[in-house]
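Below: one structure, written as structure tokens.
The values are calculated or read from the model by the stated rules, or taken from the named source; none is laboratory data. Owing to the predicted nature of the structure, the values given are computational and were not obtained by experimental measurement. Positions of Cβ are generated from backbone atoms using ideal geometry, with glycine treated the same way; all protein chains shown enter the neighbour counts. The protein model used for the area step is the full one, side chains on, heavy atoms only, and it has no ligands, DNA or RNA in it. Shrake-Rupley method; radii C 1.70, N 1.55, O 1.52, S 1.80 Å.
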Amino acid sequence: MTTSLQLSNIPLELICLVLQQMSIEDLVRIERTNRHIQSLVLYEIEKRIQHWNEESSGDEQLKWKMLVHLSEQEARPYKFDPITKQVTCEVPMKPIEIRLCWDHRREVHCQLLQRHNNPTSSAVKSINDGFTFTLEPTTPVGKTTECHTKGKRCEIDAAVRKEQECGETTYALQVTELRVPLELLASS
């Protein structure tokens, strides 16, 4: 009761100005702890995620990397859903070709990474225990198939295309979207 009375005495414009100056990590923490200004915080997070590509500096916490079958890819956030509290990222990548001598079930491992906030270091840290796409021999030849996989906290959508030539099978895997929960932005 005391907190709501104290917050009601502060003009909304002032609260919005303070929120604009905070890091996204702090905004996520406030969203989890203070229900009185939750909608303002969610609005500010959504605004930052939608405009982070336009800003020259961008938030370091939003620079995601993912490892897809030994190839590092970048994931760029472009959408935030305040109801499910998930950040959706696009993954602009060329398809990765996986060649098999015979058509059998094959698992492709992926790992979500995030760059450290230290600008002098290019080190990355692992966020998720990893997730796996399973390439099935029943995948139709010549058609692009949409597939979905889920890790402990992340979800990935991808497109898989299978080609066969002279007994060799080639799968082309292209990750299209990555969805991460909002609280993952606050973990550092």
Pick from segment 128-170 the residues that are in a loop (DSSP other than H, G, I, E, B), in contact with a Gly (Cβ under 9 Å, 6 or more places away or on another chain) and open to solvent by less than 60 Å² (accessible area, probe 1.4 Å): which of them is modelled with the highest pLDDT? Gly151
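Residue check: is Thr84 modelled with pLDDT of 85 or more, hydroxyl-bearing (Ser, Thr, Tyr) and within 17 Å of the chain's Cα centre (by Cα)? Write out each step before concluding.
Working: modelled with pLDDT of 85 or more: yes; hydroxyl-bearing (Ser, Thr, Tyr): yes; within 17 Å of the chain's Cα centre (by Cα): yes.
Yes.
Restricting the search to segment 63-102, which residues are among the hydrophobic types (A, V, I, L, M, F, W, C), open to solvent by 50 Å² or more (accessible area, probe 1.4 Å) and in contact (Cβ under 8 Å) with a residue 24 or more places away in the chain?
So the first thing to find is which residues in segment 63-102 are among the hydrophobic types (A, V, I, L, M, F, W, C), and the list is 64, 66-68, 70, 75, 80, 83, 87, 89, 91, 93, 96, 98, 100-102.
Next, from what is left, pick out any that are open to solvent by 50 Å² or more (accessible area, probe 1.4 Å): 67, 70, 83, 101-102.
Scanning segment 63-102 gives Leu67, Cys101, Trp102.
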Does Lys79 satisfy being modelled with pLDDT of 80 or more and either closer than 30 Å to Glu97 by Cβ or not in a helix (DSSP H, G or I) (or both)? yes
Leu173 being among the aliphatic types (A, V, I, L, M), modelled with pLDDT under 80 and out of contact with any helix residue (DSSP H, G or I) (no Cβ under 7 Å at 6 or more places or on another chain): no
Here is a check on your reading of the model: is Ile49 in contact with a Pro (Cβ under 6 Å, 6 or more places away or on another chain) and modelled with pLDDT of 80 or more? yes
